[in-house]
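Student: This is the structure, below, for whatever I ask next.
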Amino acid sequence: MKTQQAGFTLVELMVVLVLLALGSSLVVANMRSSLPSTLDTEAQRLQAVLENARAQARSRHTLLTWTADAQGFTLSPADNAHVVLQRMEWLAAGTLSEPAILWISAEPLQAPARLTLRHADIPAGRWVLETDGVRGFTWKP
């Protein structure tokens, strides 16, 4: 009498392992954030920060200074730069802002402003945030 053994063959197990490896590598590759999408997120975040700064300037009745450096950006009163109201690091190291200083008035009508974000690893890429002074900041890649 023949007895049958239950279980999987070595080939079947290898096929399953290969499929699992391929599937997990696709998931990991799709989970990584690309630099352009990170800068899109940075532009959206900066848009919100600048709109918040406009509201703070109005509520404090003072001129605020937004200053960028290689690590991030700082919001301070213009008459006392040593007081830091807000400090945020860039989401992607290597992000640069042109210009590096922006003044935010307490007046409801602001001077038109334009801020350009770029990254050292994407020479042709530019993310522009701008306002005409009446409406809020908008951004475009």
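Student: Near E130, within a Cβ-to-Cβ distance under 14 Å, what is the net charge of the other residues, with Lys and Arg +1 and Asp and Glu -1?
Tutor: Taking every Cβ under 14 Å from that of E130, the sum is +2.
Student: Note down the relative contact order for the chain as a percent, whole number, built from C-alpha pairs under 8 angstrom at least six residues apart.
Tutor: Computed over the chain, the figure is 19 percent.
Student: Now for a different question. Sum -39500 (n - 2.57) across every DSSP H segment of at least 4 residues in the chain, then divide by the residue count to get the 222 nm mean residue ellipticity, nearest 500.
Tutor: -12000 deg cm²/dmol
Student: Now, a different point. Sticking with the crude label model, points 7 Å out along Cα→Cβ, report the distance from L63 to Q86 in nm, one decimal please.
Tutor: So the label points at L63 and Q86 sit 2.0 nm apart.
Student: Counting Lys +1, Arg +1, Asp -1, Glu -1, what net charge surrounds L64 among other residues with beta carbon under 15 Å of its beta carbon?
Tutor: With Lys, Arg at +1 and Asp, Glu at -1, the neighbours total +1.
Student: Also, quick follow-up: For helix 35-60, report the angle its Cα long axis makes with the longest principal axis of the Cα atoms of the chain; keep it between 0 and 90° and round to the nearest 10°.
Tutor: 30
Student: Follow-up question, since we're still on this one. Assuming 0.36 nm per residue, please report the length gained on full extension of the stretch A93 to F8 beyond their Cα-Cα distance.
Tutor: Gain on extension, A93 to F8, equals 25.7 nm.
Student: While we're here: What nm value, rounded to one decimal, do you get for the distance between S37 and T138 when each label is placed 7 Å out toward the C-beta?
Tutor: If labels sit at S37 and T138, their model points lie 2.5 nm apart.
Student: Right, here's the next one. So how tilted is helix 10-31 from the main axis of the chain? Cα-based, degrees 0 to 90, rounded to 10.
Tutor: That helix lies at roughly 10 degrees to the long axis.
Student: Suppose we take every Cα in the chain and form the convex hull; what volume per residue is that in Å³?
Tutor: Given the Cα convex hull of the chain, per-residue volume reads 171 Å³.
Student: Here is a follow-up. At L26 and A70, where each label point lies 7 Å from the Cα along Cα→Cβ, what is the point-to-point distance in nanometres?
Tutor: 4.2
Where a number appears in this text, it was derived from the coordinates with a stated rule and is not lab data. Since the structure is predicted, the reported quantities are computational estimates derived from the model, not experimental observations. Positions of Cβ are generated from backbone atoms using ideal geometry, with glycine treated the same way; all protein chains shown enter the neighbour counts.
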